[in-house]
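Only one structure is covered here, and it is reproduced in the block below.
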Amino acid sequence: MFLEIDQLTMQFGGLLAVNNVSISIKKGKIHGLIGPNGSGKTTIFNVLSGYYKPTGGKVSFEGRTISGLPAYQITAAGFARTFQNMRLFKTMTVLENLLVAMGHHAKVGLLQEILNPVAVHQEEKKFVEKAMELLDLLEVADFANELATSLPYGHQRRVEMARALATNPKVILLDEPAAGLNEVETEDLRKTLLKIRDLGVTIFLVEHDMKLVMEVCEEISVLDYGKKIAEGTGAAISKDPVVIEAYLGQEEDR
């Protein structure tokens, strides 16, 4: 299996945030993770990202156990992540935000920088070209030289995803990318997610916008109080009485 979460448990003192959760994520697909606030979604993302070491179970990626590895090793293995609260570099342009993300791919070291500045220039040129390709794909290339945080909120979301893609990931973890977006921006996000998937990047998506989740996710896992209560296609999930009682029904009552 491509990405396997196997009997994952995460306990903080007396709080059992994730309780024996198993999820299989297929390569090249969009897999949704939904559930009420406090159900353990972000905790699972933090384990996958290397911020938490699980107290039980494991996470395997391409046949290798990655749970418990430091964040930089998980990034190097092919993971990227965005956050609900965006973390763009405030004093940098859109293009610079992507170039920083590409830094760990640099092959030219300090000695070569001194002895062979031509090689440095060539590598920098390749990085800029790649960054501009990603910005063009996400339709924000026209803003490359503007401060990232000066852009409209929806455009900043695209820049954040472009920056994640700049690390050349195999898997991208998206934590509530539709948060704060209006209807038009959410539709643009839907198209963007499909573009990213079509690049061959696997998407693991935490999201509260159920319309978006149902439209883009091939498979959905549902959490409640740290436990997985259902899994399947959007059509199956939307009709599951346990899911409706725990989550979907609450949304409809608001």
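The values are calculated or read from the model by the stated rules, or taken from the named source; none is laboratory data. Nothing here was measured: the structure is a model prediction, and the numbers come from that model. As a convention, Cβ positions derive from the backbone with ideal geometry for all residues, glycine included, and neighbour counts pool all protein chains shown. SASA here: full protein model, heavy atoms, side chains in, ligands and nucleic acids out. Shrake-Rupley method; radii C 1.70, N 1.55, O 1.52, S 1.80 Å.
I'd like the Karplus ³J(HN,Hα) series for segment 154-168: coefficients 6.51, -1.76, 1.60, θ = phi - 60°, whole numbers in Hz, and an x wherever there's a Gly or Pro.
x, 5, 4, 4, 5, 4, 4, 6, 5, 5, 5, 5, 5, 7, 6
Long-range amide H contacts for A230: which residues qualify at under 5 Å (H placed 1.01 Å from N, peptide plane, sequence gap of 5 or more or a different chain)?
Under 5 Å from the amide H of A230: V222.
Using a 1.4 Å probe on the protein heavy atoms, what percent of the accessible area of segment 38-99 belongs to carbon and sulfur? Please report the intermediate quantities before stating the final value.
Numbers: 1450 of 2900 Å².
Summing carbon and sulfur atoms, their accessible area is 50 percent of the total for segment 38-99.
Relative to the longest principal axis of the chain, what angle (0 to 90°, nearest 10) does the C-alpha long axis of helix 117-137 take?
For helix 117-137, the angle is close to 40 degrees.
Using modelled backbone amide H atoms (1.01 Å from N, in-plane), which distant-in-sequence or interchain residues come within less than 5 Å of E176's amide H?
Hits under the 5 Å cutoff: V206, E207.
Roll a 1.4 Å probe over the protein chains and send me the accessible area per residue for the chain in Å².
Values: 12630 Å² over 254 residues.
Counting only protein heavy atoms, the per-residue value for the chain is 50 Å².
Report the paramagnetic label zone for T149: residues of segment 44-88 whose backbone N is under 11 Å from a point 7 Å from Cα along the Cα-to-Cβ axis.
Zone members listed by number: 87-88.
HN-Hα J couplings of segment 53-69 from phi, Karplus 6.51/-1.76/1.60, θ = phi - 60°, integer Hz, Gly and Pro as x?
Values, residue by residue: 9, x, 8, x, x, 7, 10, 10, 10, 6, x, 10, 6, 10, 5, x, 6 Hz.
Tell me which residues come under 5 Å, amide H to amide H, from I66 once H is placed; ignore anything under 5 positions away on its chain.
V59, S60, F61
Could you go through segment 222-237 in sequence order and give the Karplus-derived ³J(HN,Hα) for each residue, using 6.51 cos²θ - 1.76 cosθ + 1.60 with θ = phi - 60°, rounded to whole Hz, and x for Gly and Pro?
With the stated coefficients, segment 222-237 comes to 10, 10, 8, 6, x, 10, 7, 10, 6, 7, x, 6, x, 4, 5, 4 Hz.
Kindly provide the helix-only [θ] at 222 nm of the chain, computed as the sum of -39,500 (n - 2.57) over DSSP H runs of four or more divided by all residues, to the nearest 500 deg cm²/dmol?
Numbers: 10 runs with 98 residues, N = 254.
It comes out at -11000 deg cm²/dmol, rounded to the nearest 500.
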